[in-house]
1. To the nearest µm²/s, what D does Stokes-Einstein give for region 13-67 at 25 °C and 0.890 mPa s, using the Kirkwood radius over alpha carbon pairs as Rh?
2. Taking other Cβ within 10 Å of each residue's Cβ, how do 55, 11 sort, fewest first?
3. How much length, in nm to one decimal, is gained on full extension between residue 11 and residue 30, taken as 0.36 nm per residue of separation minus their Cα-Cα distance?
């Protein structure tokens with residue numbers, strides 16, 4: 001007896017095409033190429049002229065995006081905030097004792 005299509009288990013997806021990836025992650029094709037140019041896009045490989053994005057690479061990329069975003073005041077590249085100088089012995093700081 002032949003199996004019907006519903007009883008056959010489909011092969012789990014191993015990679016996305018660019019079109020499938022962009023659709024799944026809701027970004028434009030040009031944005032994806034921009035991310036790759038900046039070194040911030042997901043890993044990819046080529047088969048002849050076709051580009052594929054492995055599913056596990058897409059997940060890692062997406063998880064990296066979901067990390068907490070630093071506010072401009074908390075940016076790791078910014079200088080620490082300047083704290084007001086403290087007064088010593090009730091005296092206000094002068095240009096001589098700063």
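Every number in this text was worked out from the coordinates using simple rules, so none of it is lab data. Since the model is a prediction, treat every value here as computed from it, not as a measurement. Glycine also receives a Cβ, built like all others from the backbone with ideal geometry; neighbour counts cover every protein chain displayed.
1. Once the numbers are plugged in, D ends up at 218 µm²/s.
2. 11, 55
3. Using 0.36 nm per residue and subtracting the Cα-Cα distance, I get 3.9 nm.
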